[in-house]
Structures are given as C-alpha cells and as structure tokens.
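Only one structure is covered here, and it is reproduced in the block below.
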Amino acid sequence: MGILDSKVPKGPLAAKWTQHKNDINLVNPANKRNIDIIVVGTGLAGGSAAATLAELGYNVKTFCYQDSPRRAHSIAAQGGINAAKNYQGDGDSPYRLFYDTIKGGDYRSREANVYRLAEESANIIDQCVAQGVPFAREYGGMLDNRSFGGVLVSRTFYAKGQTGQQLLLGAYSAMNRQINRGKIQSFNRHEMMDMVLVDGKARGIIARDLVTGKIERHSAHAVVLATGGYGNVFFLSTNAMGSNVMAAWRAHRRGAFFANPCFTQIHPTCIPVSGDHQSKLTLMSESLRNDGRIWVPKRKDDAIAIREGKLKPIQLKEEDRDYYLERRYPAFGNLVPRDVASRAAKERCDAGFGVNKTGEAVYLDFASAIQRYGEEEALTHGIKNADDKEITRLGKKVVEAKYGNLFQMYEKIVDENPYETPMMIYPAVHYTMGGLWVDYNLQTTIEGCYCAGEANFSDHGANRLGASALMQGLADGYFVLPYTIGDYLSKDIRTGAIPTDSPEFDAAEKTVQDRLDKLMAGSGQHSVDFYHKKLGKIMWDKCGMARNAEHLQEAIDEISALRADFWANVKIPGKADGMNQELEKAGRVADFLELGELFAKDALTRNESCGGHFREEYQTAEGEALRDDENFKFVSAWEYKGEPKDAVLHKEELKYENIELKTRSYK
Amino acid sequence: MKLNLKIWRQKDANAKGELVTYPIKGIEGDMSFLEMLDVLNEELINKGDEPVQFDHDCREGICGACSLQINGEPHGPDRLVTTCQLHMRKFNDGDTIVIEPFRATAFPVINDLIVDRSSFDRIQQAGGYISVNTSGNTVDANATPINKHAADEAMDAATCIGCGACVAACKNASAMLFTSAKVSQFALLPQGQVEAVDRVQNMVRQMDLEGFGNCTNTGACEIECPKGISLENIARMNREYLSATTKG
Ligand SMILES: Cc1cc2nc3c(=O)[nH]c(=O)nc-3n(C[C@H](O)[C@H](O)[C@H](O)COP(=O)(O)OP(=O)(O)OC[C@H]3O[C@@H](n4cnc5c(N)ncnc54)[C@H](O)[C@@H]3O)c2cc1C
Ligand code: SF4
Ligand code: FES
C-alpha cells in the first residue's frame, strides 16, 4: 500500500484545501523565470493550466495534435458546466454538489478531491465570465441555469448547446494572451510519443512533428499531461476522431500507474448507429432530458410494426407507450443519471422493444413539452381560445429557442424532423472515468509528471454526472495544478535548464524511432482501421454496457491475439519522414490494443457492479447494480510490467469520513 | 451510389499538385462526406496506394478542422453545415465531385487537402482576448448584469469555429468575417470595453500582415459560413476600427 500515497491533507474536509494551500512551498517570481513546464494537451484542462502557469511566470511549452489549440476535443461539449452558486435559491451548496458527485460516482471517488472540486466550482464561472464567455442570461441580466441528470437542483451554466466551445475559446484566449507575451510556446500538429525520465523524474518528452515527421526532444522541469480520454478504444464513440491514449499510455509504460481503466461512461442520448461505415457517434445533449420524455411501445407487436415501418410513433396512443424511466424511477424520472438511463434503454431494447431497424433505439419525445410550453405561452401572452395548431406553434417556438441547434443537428444526420416525430436515441461510449492515477496534488506515480482533466482518474468514481467534466478540467487547470505543482518545483530552483543531449533523451528517442520503424515494417495485410474496428467490436460486445466473467476472459484472449496480428500484419502506406495520417493512427491504435486488454482485466477483477461498470453476475432482483463496498471500495491502480496480462494491481482504499455509503437509489 | 471523384493530390508544400480522378461505388446516403472519403481511403490502402490526407477531428461540425472545397464551394453545397456534417444524400448517383483544399495565400497547402491556417491563430494572439488574470480573484459573475439581447448577440458572434470557409469563399481571400466575429463578441460585452481600442487595431493589423485581402462587401463569406456569422459583425468591426483610429 505504501506506493499509493494519496497525500490527502489532514483536518476537516471543508478546511483541507485552504490549509494545504497555506502549507505548500511557493516559488519566488524571479525563480519562476528559470523553470520550464511542458503541458501536453490544450483542451480545457491543458489550455487553462498552460495559461495560468505562464501567467504565474513559468516558461510553458504546449503541445497538441490538432492544427490549433482551439480545436481540442473539449470544443464539442454541448450541455453545460456545473457550479454550486445557488443563484436559483433552490438549496444548492458546495456540500450538496460534493454529495451529488460522490453519490453519482457510486462511491468510488476520493472525498477530498471531490470536495475541492465543489469548492472551486463557483470560481470557475466568475473567471469565465471575466474572460468574456457569453453564458446564457435571463431577461434581468443574470446568469441562467438548467439541470442535468442525477441532481434535484439547477446548477448547470450553459452557452446555448455550445458550452464546451465557449469555455475552450476562453481558455484559448487566455493562452493567446500568454503566447503574445512570449510566455507560452505553442507546438501544434505535434504528438507526444514518449516521456523522458532522468533520475526517476519526468524531465521531458519526445514529440513528432506531424507535418515533417521529424522527431524532436523537449525538456522541462515538470511535465503535465492533459491529453483527454480514451473512449476511442471502442472505435465508435462520441469522442473526436483523434482522441487517444498515447501520451498517458507512454507515461504508464514509464511508471505511471493506470487507474480504473474499466470505468467508462455510456451516454444514454446519442444518435443510434446507422450503418457499417459509420466512423463516430453523435451525442444529443443530456439537457434534452429536461423536457424530452423517453419511451418505447408497451406491446411487442407495436414495436415490431414500428421497426417494419408499418406504424408511426405518433400514431401510438399515450396508454400504449411505456415511459419506462418515469415508471421505474418516479423521483428522478427522465433525469436519472446516465448509467441508470443507459442500462434501462438497453434492457428495453434487449427485451425486444427497440424502435429502429436494428432494434437498438428508444424514443426521446418532445410532444408533451411542446404542448405544455404552448399552453403556457398562450396564457402569458393573453391569447384566449388558442386552438391546437396555435398552441403547437407557440410551443415549438419555445422548444426551438432552447434546443434549436440540437434539433437541427439531429435532422441533418437522421433526415427526420424532431419537431414532428420523436427522436431516436441509443446509448454510446462517451467519457472515460479511468486514467492515470494521481494524488491530491495531481501528480502521477512518476515524480514531476502531473495529469489533469479527463486523462486522470480522479473525481468521477465509477460514473460521471453531466456537466462535471468541464468543471473538473477547468478546476484542475486554473485553480489546482498551478498551486500544487509549485510545491514540487520549489525544489528545482537551482537545477537550471535540463539538457536534451543526455543518455536518457538518446534512449527515449531511440525507443520512439524503433517503434515507428516497426510499424512501417508490417507485412501489409490490413489497414489500421481494420484493426481498430475489430478491437472496438470486442470492446463493445464484451466490455460494454454489461459484462460478465466469461466474456471478459474471452476479450482478454482475443485482444491479445489481435495485437500480435496487428504488429505482424498492419499495412501503413507512405513514409515516416513526412505527413502520414495512417502512421499517426497506427501509433494510437497500437496503444489502444494494450489498454483494451488491461481494461478487460480490470473489469474482470472487479467482482461487483458500480456506475458504468455493470457485471451481470452482480445485480439486484430488480436489475439494479449491486455494489460490494466491503471488498471493492478501492481504486485499482495498475503497474506496468510488460504485457498487460502481467500488470500488477495496487489498491488505494477509499475512506469515507463525511459521507455515509448508501445504496444509490433514484426511485 | 456510384461517383466520380476528382481530388487534389499534393505531396507537400513545395510539390506541384494536380487533380486525380477516382471512381467509387457503394456509397450510401446516410454516410457523411468524410465517411465517403474513409471508404475511398480504405480502398486505396488495400491497393497499396497512399490515402488522401484531409483535416478532421470532431466530425460534429464544431472543431472547425474539416475544410474541403467541394465543387467550388467551401464545405460543399448544403447551407449552414461543415464538411463533416454534409451527407451523401445531397448528391446523386453518377455525380462528379471535385474536391480541393481551401485556397488562399494566407492558407498555404501542406499536403493533399490540408492547409495551414495558423494565420488565424496569430490574429487571435494579437488581441482576441480579455486581459484578466486567471487567479480566481474575480468578482462574482452576477455582479455585472448583461442584458439578454447583448449576451445572445455576443454568443452568436462567438460561435465562429475558425474553419476558414469565409476566406476560401471570398474572391479577395479576406479574413474580415472571422476577425470581426471575435471583435464583435468582445465589443458587445462590458468586459471587453477596456481594451476595445487596442484590440481592434492590433487584430486588423495582424490580419493585413498575414496577407489576407481586403473586404469589398461581396457577402460570399456569410453565405458559406457554416455557423451563420452575419455581415453585421463586419460593419460593427468597421465602426470599432474607425472610432479606434479617430481616438487613437
Ligand atoms: C460530444 C461531447 C459532449 C460533452 N458534453 C459535456 C458537457 O456538456 N459537460 C461536461 O462537463 N462535459 C462534457 N463532455 C466531456 C468533456 O467535454 C471532456 O471530458 C473534456 O472536455 C475533456 O477535456 P480535457 O482537457 O481533459 O481533454 P481534451 O479536450 O480531450 O483535450 C485533449 C488534448 O490533448 C491533446 N493530445 C492528446 N494526445 C496527445 C498527444 N499524444 N500528443 C500531443 N497532444 C495530445 C489534444 O490535441 C488535445 O489538445 C462532453 C464530451 C463529448 C464527447
Ligand atoms: S466566420 Fe464562419 S466561415 Fe469564417 S471561420 Fe468563422 S465559422 Fe468559419
Ligand atoms: S471535423 Fe470538426 S467541424 Fe468538421
């Protein structure tokens, strides 16, 4: 147990962070000028960290694989960001946000981290507003809020359906200010290929310039990884196409423990898969569940008729519909957390009630919302005797104002008008709660290697509530890391610049070069996508929304065999010394082929169901997840030992001192 | 569907490019334009040829990476969508589709359909921000009420995804729509006022330095913009610029 020191400060929960900030060592401003920090990733976590570190006076180098920091995957987040501001006066508080997050995470996250997140959440909104982020406002000029699954208050701040975009552009503008001052050097179209350790400390990275193919060495006193999640291990997911695990995995191979790889969030409201050539899945924001009602037909023959195109959903009478979330979970209804909603959809579809051609879709219906809003509008505008047509027209206008861009997106993809007919949705892989293990300071098990945002494991437990990933990314980057990293760097003020001509850099560069050569030398049977799709299918079928021991063991064997085949037979055209997108993909898929196996192994050792991890063997009579706190109240942190099958499990026991562990109920 | 693709191939920035013809079949209406290119690339790789390289990432119309000139139009024939949101149902069996990179002096071609849009970043670096420290010591967000109309208008301007379609659509390759979107966002918000004069001057200066052309009010940018950024922003920027220069 000794290796996993979480470094959680002593003292009462609410005082820990303040006390810790008072206790940690500071670096004097004149010395900060002599310290270099590498930040890999320019999403919300990396972009905000880079901006703040540069502002504090450190020399920062940022890296991202896109052509501009502004295109990091965070840009795609739609719904919103949580903060315990209690502007609505509905009883919200940092404690309540903390409580909801721990409960939503099925009691598999660290109390102290989550409390700090709740504490900092209010700051984030103030900061972003000061930066000019145009959050939605009410008529009185105050900020507007909405609510998300798993909570009973309205604490979600949003900017239309483009919250992630606006927050990221805020962080990007803060970065730009520092680039303009010369404090950030930004390396775009660069991929981190390996991490360099000197005397056991992270001292730099090896990167590949994706335009020229040149391998470069970059040194620093500390390295921050903010490289996002690994949901693309499933091939089909809501993640951007380039999202990958490479940086985290390279650090893992160098000694950073990988925590909870099997905790993956499946989002309930995505556009269903339409065909074999599909490259990704599109999310429909969870905010739609504020007004949309979810249903499938009550009778199987109706479901069959709908699938065959003989019956239209709007023809089905109210009493013939099964609003299964409202039926099963009266207290939260359509706003149950994501894992619960996803499983419930799968359960209905598996039982034969699915509504699209493949039987893997349920309806998200706005008809009652349109009716309700229409009546309200008619009343408030004093329109007497409004007929049905008028009410529908008024209602549609309200729905359009709230969700117009999402409806438009749906229509573009599916070619159906969601104002007229219910949307079809199905769960899809969305967010990964696992990632590099970090202590309270966000340091990994490699000294000087920090990890922030979706790439680390902290804060979300076995499931993530909506609107909390953006919150964590920005809290880590703006308000946590800049403090905690100073404590470490305060010991480095006399070190001086780190040379890149050391044997350690030579060796790391050689490892990277050898790997590229090996990839290029494949015999040329199959494309990279061929392997990625195969891996994705194994992951979805056997490590997806429901898992069992037998399938997980099969997955381990199949992935291991697929990996061997990949290295022998992958085909990468072109050369390594120039732009080569197939080679980029190959490097990422190679790492997914290792991570996938560890993922299955992690799921196999966790003999319980919790959050996004549902083991069929462990469920209640009603089909709810059956947690085992006695034996599994820990974070699994895996140590690299060569092949994933040899990885060694370390456990960080989770201590709950302020919250009582309860069965999670949303009934 | 069977299609005839004519695609711009160019090995690197210094090589001479050319249009190469690729017939393709089995394309379904449900596929996105980029998925259609994935199918082509899979075929090319299996034949041992080099796949066509193009920029893309989110495939949801929000990151701004995808950037194809399709039959002479940035992001293709549909309105208010990016290339990744364009579906093949917009095309007919037997169509010939010409696919080229965005063309502009300030967007040099890097490889095949990929161009270098870092000039956009440099315009933003010249002033596309509010100089506030990220210390966590700011005032409460509701201390400055902002009327809903201004907030909504600022939001509309802020939705620019930096794709560059406006530049590619413009006969002068002007970056006015892009630059004005950011200037407008901040001009509409109280937070942006303090630095307004410097911001507009610095951003416009950088835009000119990057080699973008002048705006002659043709309006092609607005028509091709996937986010519906309106020409009003250009008018607003011109006003800001004028008052900045008279004040300055
Ligand atoms: C469609 C969608 C909607 C979402 N909606 C919401 C929402 O409403 N609310 C919410 O809270 N969360 C939401 N999320 C989740 C949230 O957006 C992400 O978890 C979060 O943005 C991740 O931020 P990040 O900074 O950790 O990583 P990212 O934004 O993914 O950034 C990763 C960065 O790392 C870089 N990178 C990766 N690998 C390398 C490498 N090897 N070398 C160099 N650079 C590298 C990338 O270039 C990028 O800059 C949503 C997610 C999706 C997919
Ligand atoms: S103004 Fe429109 S076309 Fe131009 S970069 Fe922005 S989103 Fe693209
Ligand atoms: S790929 Fe992101 S906008 Fe098209």
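Side notes on the structure shown:
- A count restricted to the range A:274-308 and to residues that are among the hydrophobic types (A, V, I, L, M, F, W, C) and more than 16 Å from ligand 1 (Cβ to nearest atom) stands at 7.
- The residues on offer are A:ASP476, A:ASP487, and the sole one that is away from every other protein chain (no Cβ under 14 Å) and among the acidic types (Asp, Glu) is A:ASP487.
- Checking each residue in the range A:46-77 for being part of a helix (DSSP H, G or I), open to solvent by less than 10 Å² (accessible area, probe 1.4 Å) and within 6 Å of ligand 1 (Cβ to nearest atom) picks out only A:GLY46.
- Number of positions in the range B:129-167 that are assigned to a helix (DSSP H, G or I), at the interface with chain A (Cβ under 7 Å from one of its Cβ atoms) and crowded, with 19+ Cβ neighbours inside 10 Å: 5
- Members of the range A:236-264 found to be in contact (Cβ under 8 Å) with a residue 60 or more places away in the chain and within 14 Å of chain B (Cβ to nearest Cβ), listed by number: A:LEU236, A:SER237, A:THR238, A:ASN239, A:ALA240, A:GLY242, A:SER243, A:ASN244
- Output for the range B:168-179, where each listed residue is within 14 Å of chain A (Cβ to nearest Cβ) and more than 16 Å from ligand 3 (Cβ to nearest atom): B:THR179
- The set of residues in the range A:126-144 that are among the acidic types (Asp, Glu) and either farther than 30 Å from B:PRO190 by Cβ or at the interface with another protein chain (Cβ under 8 Å from one of its Cβ atoms) (or both) comprises A:ASP126, A:GLU138.
- Residue in the range A:111-125 that is open to solvent by 30 Å² or more (accessible area, probe 1.4 Å) and either within 14 Å of another protein chain (Cβ to nearest Cβ) or under 18 Å from the mean Cα position of the chain (by Cα) (or both) present: yes
- Test result for A:TYR363, part of a helix (DSSP H, G or I), at pLDDT 95 or above and of a type in the set (Phe, Trp, Tyr): no
- In the range A:159-191, the residues that are open to solvent by 30 Å² or more (accessible area, probe 1.4 Å), away from ligand 1 (no atom under 11 Å from the Cβ) and more than 9 Å from every other protein chain (Cβ to nearest Cβ): A:ARG181, A:GLY182, A:LYS183, A:GLN185
- Only one of B:GLU43, B:GLU73 that is more than 13 Å from the chain's Cα centre (by Cα), surrounded by fewer than 22 Cβ atoms within 10 Å (Cβ to Cβ) and either more than 11 Å from chain A (Cβ to nearest Cβ) or under 18 Å from B:LEU3 (Cα atoms) (or both): B:GLU43
- Restricting A:LYS662, A:LYS655 to those that are in contact (Cβ under 8 Å) with a residue 24 or more places away in the chain, within 29 Å of A:PRO427 (Cα to Cα) and not in a helix (DSSP H, G or I) reduces the list to A:LYS662.
- Applying the set (1) of a type outside the set (Asp, Glu); (2) in contact with a helix residue (DSSP H, G or I) (Cβ under 6 Å, 6 or more places away or on another chain); (3) at pLDDT below 95 to B:PRO51 leaves exactly one unmet item: (3).
- Within the span defined as the range B:77-100, every residue fails to be over 27 Å from A:ASN405 (Cβ atoms), away from ligand 2 (no atom under 16 Å from the Cβ), at the interface with chain A (Cβ under 7 Å from one of its Cβ atoms) and not in a loop (DSSP other than H, G, I, E, B).
- Looking at A:GLY91, A:GLY41, just one residue is within 30 Å of B:SER184 (Cβ to Cβ) and either more than 8 Å from chain B (Cβ to nearest Cβ) or touching a His at 6+ places or on another chain (Cβ under 7 Å) (or both), and that residue is A:GLY41.
- Qualifying residue in the range A:32-42 (condition: surrounded by fewer than 21 Cβ atoms within 10 Å (Cβ to Cβ) and small (Gly, Ala, Ser)): no
- Matching option when the condition is over 20 Å from A:ARG338 (Cβ atoms), open to solvent by less than 10 Å² (accessible area, probe 1.4 Å) and more than 22 Å from the chain's Cα centre (by Cα), among A:GLY132, A:GLY140: A:GLY132
- Restricted to helices (runs of 4 or more DSSP H) entirely inside the range A:512-629, those with at least 2 residues that are in contact with a strand residue (DSSP E or B) (Cβ under 7 Å, 6 or more places away or on another chain) and away from chain B (no Cβ under 14 Å) are A:581-605.
- Test set (1) out of contact with any strand residue (DSSP E or B) (no Cβ under 9 Å at 6 or more places or on another chain); (2) modelled with pLDDT of 95 or more - A:THR227 fails condition number: (1)
- Residue within the range A:214-232 that is more than 16 Å from the chain's Cα centre (by Cα) and within 14 Å of another protein chain (Cβ to nearest Cβ) present: yes
- Of the criteria (1) away from chain A (no Cβ under 11 Å); (2) in contact with a helix residue (DSSP H, G or I) (Cβ under 9 Å, 6 or more places away or on another chain); (3) not basic (Lys, Arg), which one B:ILE27 fails: (1)
- The residues of the range A:243-265 that are of a type in the set (Phe, Trp, Tyr) and assigned to a loop (DSSP other than H, G, I, E, B), listed by number, are A:PHE257, A:PHE263.
- Residues that are open to solvent by 80 Å² or more (accessible area, probe 1.4 Å) and in a loop (DSSP other than H, G, I, E, B), drawn from the range A:366-406: A:HIS381, A:LYS384, A:ASN385, A:ASP387
- A single member of B:GLN206, B:GLN201, B:GLN193 is over 16 Å from the mean Cα position of the chain (by Cα) and within 16 Å of ligand 2 (Cβ to nearest atom), and it is B:GLN206.
- If you go through the range B:21-58 and pick out every residue that is away from ligand 1 (no atom under 16 Å from the Cβ) and either assigned to a loop (DSSP other than H, G, I, E, B) or closer than 25 Å to B:CYS163 by Cα (or both), you end up with 23.
The values are calculated or read from the model by the stated rules, or taken from the named source; none is laboratory data. Keep in mind that this is a model prediction, so the values were computed, not measured. Neighbour counts are summed over all protein chains in view; Cβ atoms, including those assigned to glycine, are modelled from backbone coordinates with ideal geometry. Only protein heavy atoms, including side chains, enter the accessible area calculation; ligands, DNA and RNA are left aside. Shrake-Rupley method; radii C 1.70, N 1.55, O 1.52, S 1.80 Å.
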